[in-house]
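Read-outs throughout are calculated quantities, based only on the coordinates presented, and are distinct from any laboratory measurement. Just so it is clear, the structure is predicted and the values come from calculations on it, not from any experiment. Virtual Cβ from ideal backbone geometry, glycine too; neighbours counted across all protein chains shown.
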Amino acid sequence: MIPVPWPDISAVVFDVDGTLYDPRPVRRRMTLALLRHVLRRPWQWRLPLELQRFRREREALAEEGAHGIARLQFERPAAALGIEVDRMEELVREWMLTRPLPAVAAAAYPGLADVFDALRASGRRVAVWSDYPAEEKLAALGLRAEVVVSATDPEVDRLKPDPRGLEVALARLGASAEHCLLVGDRDERDGEAARRAGVEWRLKVRETRGDPRGFVDYDELLCGLE
Ligand SMILES: [Mg+2]
């Protein structure tokens with residue numbers, strides 16, 4: 001990995017899903033939980049399809065760079081599925097935000113609290129920027145950030161790779177783009193947003209595969225931090 005130019009960096013903005021925890025065991029646990037739930041309530045057999053539809057429509061909203069996403073993210077899949085918007089919202093809150101929290105906590109990447117502490121101890125500020133509400137996940141992970149920004153915050157209202165949320169995080173941190181580092185896990189979302197905002201970025205990956213900005217271990221990211 002290209003070393004982070006730490007002397008130039010005064011603020012670090014972290015993505016959440018896939019960056020602060022491993023999403024694979026969470027997905028596996030939630031798939032099993034969903035199956036068990038539906039086996040006991042066969043009349044709810046459409047539930048997995050409804051959640052899948054929500055995810056697909058949300059990816060499409062991100063691709064389009066849509067505005068008004070706080071409502072659209074529920075209205076679009078609800079209309080396609082012929083269910084109430086409130087019902088869609090309730091399902092997403094239950095199955096994608098609340099129920100996964102214990103699995104998210106169990107899948108935390110090790111040592112992240114120390115990483116956040118080391119950054120703070122070195123005088124840097126820490127923010128979190130997610131396409132989903134992040135407060136509860138942060139609490140489940142035992143992490144604290146000075147600034148927490150979500151795509152659906154009224155002043156953001158854009159999904160990644162639109163850099164609006166990153167810019168809002170920077171404004172709240174009082175940091176400028178050239179003194180910020182974004183840490184994410186998806187090049188086409190986090191990496192692209194960073195490039196558009198003129199921000200330095202690194203990606204948490206499972207194997208580096210020659211990606212000059214990919215790191216496997218958080219120790220590698222902090223290398224040279226003073
Ligand atoms: Mg992510």
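When Lys and Arg each count +1 and Asp and Glu each count -1, what net charge do the other residues less than 11 Å away from residue 110, Cβ to Cβ, add up to?
Details: positive: none; negative: 22, 114, 217, 219.
Neighbourhood net charge equals -4.
Under 5 Å from the amide H of residue 14 lie the amide H atoms of 127, 128, 129, 183, each residue being 5 or more positions distant or on a separate chain, with H modelled from the backbone and absent for Pro and chain starts. In terms of packing, defined here as the mean over residues of other Cβ atoms within 10 angstrom, the peptides 176-182, 155-161, 126-132 line up highest first as 126-132, 155-161, 176-182.
With the simple model of a label 7 Å out from the Cα in the direction of the Cβ, residue 176 to residue 94 spans 5.0 nm.
Positive end of the dipole of the stretch 1-159 (Cβ unit charges, origin at the Cα centre): among 12, 73, 96, the Cα lying farthest that way belongs to 96. Taking the Cα centre as origin and putting +1 on Lys and Arg beta-carbons and -1 on Asp and Glu beta-carbons, what dipole magnitude results for the stretch 25-104, to the nearest 20 debye? It comes to approximately 580 debye.
Between 222, 177, 197, the Cα set farthest toward the positive side of the dipole of the stretch 151-226 (charges on each charged residue's Cβ, about the Cα centre) is that of 197.
Every Cα-Cα pair of the chain was included, and the share exceeding 33 Å stands at 18 percent. Each label was represented as a point 7 Å from its Cα along the Cα-to-Cβ direction; for residue 44 and residue 84 these points are 1.6 nm apart. With the largest listed first and rounded to whole Å, the semi-axes of the equivalent ellipsoid of the stretch 132-177 from the Cα gyration tensor are 19, 14, 8.
In the chain, helices alone account for a calculated mean residue ellipticity at 222 nm of -13000 deg cm²/dmol, with every DSSP H run of four or more residues adding -39,500 (n - 2.57). Neighbours of residue 182 by Cβ distance under 9 Å: Lys/Arg scored +1, Asp/Glu scored -1, total -2.
Calculate how many DSSP beta bridges within the chain are antiparallel, expressed in % of all such bridges and rounded to the nearest 5. Mind dumping the intermediate values first?
Numbers: 1 of 20 bridges.
Beta bridges within the chain, antiparallel portion: roughly 5 percent.
Other residues within the sphere of radius under 12 Å centred on the Cβ of residue 149, judged by their own Cβ, net out at -4 (K and R +1, D and E -1).
The amide H of residue 200, built 1.01 Å from its N in the peptide plane, has 180, 182 as neighbours under 5 Å, considering only residues 5 or more places off or on other chains.
Just to be sure I understand: if I project the alpha-carbon convex hull of the stretch 25-104 onto a plane and average over all orientations, what area do I get in nm²?
On the way: hull surface 22.0 nm².
With every direction weighted equally, the projected area is 5.5 nm².
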